Each structure stands twice: as C-alpha cells, then as structure tokens.
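Report on the structure given below.
Bear in mind these aren't lab numbers, they're just calculated from the coordinates by the rules spelled out. Computed from a predicted structure; not experimentally measured. Glycine also receives a Cβ, built like all others from the backbone with ideal geometry; neighbour counts cover every protein chain displayed.
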Amino acid sequence: MVRFRVLACDFDGTIATEGVVAPATLTALERVRRSGRRLLLVTGRTRPQLEMVFARWDVFDRLVLENGAVLVDPSAGTERLLCAPVSSRLEPELRRRGVEPLALGRAIYAASGRHLEVIREAIGSLGLSLDVVVNRGGVVILPAGVSKSSGLAAALFDIDETAAACVAVGDAENDVPMLALAGCGVAVANALDEVKAVADLVTIRSTGEGVAQLAGSLVADDLAAELAATGGMGAARH
C-alpha cells in the first residue's frame, strides 16, 4: 500500500534555481505523477511572477500561489482566492513611507526585507491584523492566518487527500509551516538551518537535483529506505 500519495514542492530555491526549472527536475516530477501520485506546487509568487518564468503548470494537479492565498487548478483553468485580501488602505501608507518596490498580488503584498520595521510600523498605525513573514531577504504581508500550511491544506482537500499522505519539500522560512503539516517534511540541501531543523529528511543534493533525488526515492520505495536511514521519521518531530 502506498503511504505517500502527494508531493508538494516549493518553487524558488527548491525546484527552481533563479527562476529556472531544469529539464531533469521536470522529468523526475513527471515520473512521480506517472506513478499515480499527485503533485502540488506551493509558492510565494503571484500568478504573473510565476508565469514569467515557468510555463509547465500542467505538471501539477494544483498550484498554491501567494504563500497560501490563491489556489489554481491548471487542468480546469480555475483560480480561487482562499482569503480576504490585505486591506487596500495599506498600499498608500507603505508607499508614503518609501516602501518601494512593492509587489501586489490578489491578496498579499511583498517588499524587500530592508523595509521590515517600516512595514510593521505602517500596519500598526492603521490598526490592521496582518501577518508579516520574512523569507530569504524579502517580506510578505499576508491576511492573518494565511500561510503555505493553510494553502497546502486547501489544495489537499481539493484533491481529496490528507496531510499524512503528503511529502512537502522546501528551502526557506515560509516553507516551515508546510513541512510541519505534511506527513513527511523534506528540506533540500541548500535550505536554511531552521528549515532543516524541522524536516524529517534532508536531501544530499541542492535545489532541483535534490528534488529529483527525492522524487526517485518516492517512486522507488515510497521513501522507505530514506526514512529507515533516519530511524523512521526525523528526530525533529519525533
């Protein structure tokens, strides 16, 4: 009986290097799908940002965009907002305080990490209830409670799967909630130490090569050998 029926992947720094997904990584992901498993992409990018660098949405059963705020079904061509957007009052306040460039999604805002304290002050001055997530030098402003974990949960529900049946792989701070939710959390070799600390497995290779390694192990024996080498599931959670 197959234990892990879903593979959820982060984009930047995980399957992609500087926005590019190597052909070998795509081939490995397609092999996972041919094995009967489902594939999910979970990224902080907005739709336009992802479309600029990656066209193979068809490889995935669902895409979670904007750090958990938007759910896309590529085969049906549908897109669903999973939360109320960040208050429109925030944008002019951030621009007034010099927060530039400022990227706007359907539900989230993103800016450089150098503006972190200014962003927090602006949110406080408006009395807004928002989450601010630091991610590899960037800052993402989200509606309270929205994360890659909540987005992954919505995608799993949409394909009638469970978190226990999911392997999630990532590299940065905003991936931690997703790895914690999944039945098996995996960090690629280039991941931040705090991500590796919560992961059940850490790949030997970095970015796409690490994901290809993970995909091969998933298809070969449902991660049995990898997990046996760590004594079952990783000590971080067990």
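When its C-alpha radius of gyration is set against 2.2 N^0.38 Å (N residues), the chain gives a value of 1.00. Across the options LEU90, VAL211, LEU223, the greatest Cα extent toward the positive end of the charge dipole of the chain (unit charges at beta carbon of Lys, Arg, Asp, Glu) belongs to LEU90. For the options GLY138, GLY151, GLY208, a Gaussian network treatment of the chain with springs between C-alpha atoms closer than 10 Å singles out GLY138 as fluctuating the most.
The protection proxy used here, the mean number of other Cβ atoms lying within 10 Å of each residue, ranks peptides 39-47, 109-117, 170-178 as follows, highest first: 170-178, 39-47, 109-117.
Rounded to the nearest 10 degrees, the angle from helix 207-221 to the longest Cα principal axis of the chain is 40 degrees. Evaluated with a Cβ-only charge set (Lys, Arg +1; Asp, Glu -1), the stretch 8-61 carries a dipole of roughly 280 debye about its Cα centre, given to the nearest 20.
Between GLY13 and GLU18, GLY19, the built amide H atoms are under 5 Å apart, and every one of these is 5 or more places off in sequence or on another chain. Across the chain, the mean sequence separation of Cα contacts (distance under 8 Å, 6 or more residues apart), normalised by length, yields a relative contact order of 21 percent. Spacing of the modelled spin labels on VAL134 and VAL118, each 7 Å from Cα toward Cβ, amounts to 1.7 nm. Scanning residues 5 or more positions from THR203 or on other chains, those with amide H under 5 Å from its amide H are ALA187, VAL188, ALA189, with H placed 1.01 Å from N in the peptide plane.
Taking the Cα centre as origin and putting +1 on Lys and Arg beta-carbons and -1 on Asp and Glu beta-carbons, what dipole magnitude results for the stretch 96-212, to the nearest 20 debye?
With Lys and Arg at +1 and Asp and Glu at -1, about 440 debye.
Note that the stretch 142-156 has calculated 3J(HN,Hα) couplings of 10, x, 3, x, 8, 7, 5, 5, 5, x, 4, 4, 5, 5, 5 Hz, one per residue in order, obtained from phi through the Karplus relation 6.51 cos²θ - 1.76 cosθ + 1.60 (θ = phi - 60°); glycine and proline are x.
Rounded to the nearest 500, the 222 nm mean residue ellipticity of the chain from helices alone is -9500 deg cm²/dmol, with -39,500 (n - 2.57) taken per DSSP H run of at least 4 residues.
Where does the charge balance sit around GLY170 when Lys and Arg score +1, Asp and Glu -1, over other residues with C-beta under 14 Å from its C-beta? Could you put the intermediate results ahead of the total?
Numbers: positive: ARG45, ARG136, LYS148, LYS196; negative: ASP10, ASP12, ASP171, GLU173, ASP175, ASP193, GLU194, ASP200.
Once all neighbours under 14 Å are counted, the net charge is -4.
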